[in-house]
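Enquirer: Once you've had a glance at the structure underneath, I'll fire off some questions.
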């Protein structure tokens, strides 16, 4: 699969364009993974005129035309700049949007896209491979990095974590729908930071590129706290939605499911506190954004989307990782353990 010849870059009315970037050359961006969020990000960055390449599995052509909705905005792509993962070209940023459990096997294919100065941007759900290393230097989070290859092989100094607060659903192979709600944003930060006040040119450049595409982006300072805050919802909502087959609105409307959600979130908060992490917002406050997403349409969590598509669930990085941290501090997690066991029966 080669790059499509000179694809037209659709523009969405009202978005800032390439001129919104600082006085530097526009960064070359590869989006590694053609799932819902990868297609959404590629579409928005392309609409701003940024040089973007979507990296797909070899032999997996992108269905065209492709429709990408975002609230009241909609764009139809009749062409798209795509390269197969086994045909690498060096980029300034490689944004990885594949499922977290796929990263260890995919890393050898991702590495050549970075070159010697490229920045790896990890935009995935769950706890990343470096999370336990941050708490206890040299320790491997087995749920995300079973054999430790990621901790050994990835330069954390050239890694940027991305926490995505944007709900996106691939409702058909050729149709992606994003839900626009207050609080949508992309939070960037370094896994290991010695001085949180130090300037980071790469992170600033990435934020400028997202801002040019009309995507709210910010630096998260302590990115570990931002990761955990998002995980508080995902650790319960994702497996419960896969088990029940219910979308977000139906989950929140069911009193029994709501009690399960709150109980699981409180267990996750206890795990955070035991490991010296901030507990985050109260469950009811954390669920306020979830209710906004639910009210905007029939949103399905990523695990529910994967279950219906017959794909493996993101169970280990989202739930297994929290249980791994719980075992380190002997924190009881009966609700999370039950959801983990039940969802585990669903994976192909």
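Enquirer: Just for segment 63-81: of the residues that are within 27 Å of residue 126 (Cα to Cα) and out of contact with any helix residue (DSSP H, G or I) (no Cβ under 8 Å at 6 or more places or on another chain), which one is surrounded by the most Cβ atoms within 10 Å (Cβ to Cβ)?
Expert: Once the filter is applied, the top-ranked residue is 69.
Enquirer: Which numbered condition trips up residue 239, out of (1) assigned to a strand (DSSP E or B); (2) under 30 Å from residue 342 (Cα atoms); (3) more than 14 Å from the chain's Cα centre (by Cα)?
Expert: (1) is the only condition that residue 239 fails.
Enquirer: Determine whether segment 64-84 contains at least one residue that is without any contact (Cβ under 8 Å) to a residue 60 or more places away in the chain and more than 24 Å from residue 297 (Cα to Cα). Even if it seems obvious, please write down each step before you answer.
Expert: If we filter segment 64-84 for residues that are without any contact (Cβ under 8 Å) to a residue 60 or more places away in the chain, which is where we start, we get 74.
Then keep just the ones that are more than 24 Å from residue 297 (Cα to Cα); that gives none.
No, every residue in segment 64-84 fails to be without any contact (Cβ under 8 Å) to a residue 60 or more places away in the chain and more than 24 Å from residue 297 (Cα to Cα).
Enquirer: Here are 154, 164, 95: which of them is under 22 Å from residue 225 (Cβ atoms), free of Cβ contacts under 8 Å to residues at least 60 places away in the same chain and touching a strand residue (DSSP E or B) at 6+ places or on another chain (Cβ under 7 Å)?
Expert: 154
Enquirer: Across segment 268-298, what is the number of residues that are under 30 Å from residue 133 (Cβ atoms), out of contact with any helix residue (DSSP H, G or I) (no Cβ under 8 Å at 6 or more places or on another chain) and in a loop (DSSP other than H, G, I, E, B)?
Expert: The number of residues fulfilling the criteria is 1.
Taken together, the values in this text are just the output of simple stated rules run on the coordinates, not laboratory data. Not measured: the values here are computed from a predicted model. No Cβ is skipped: glycine too gets one built from the backbone with ideal geometry, and neighbour counts run over all protein chains shown.
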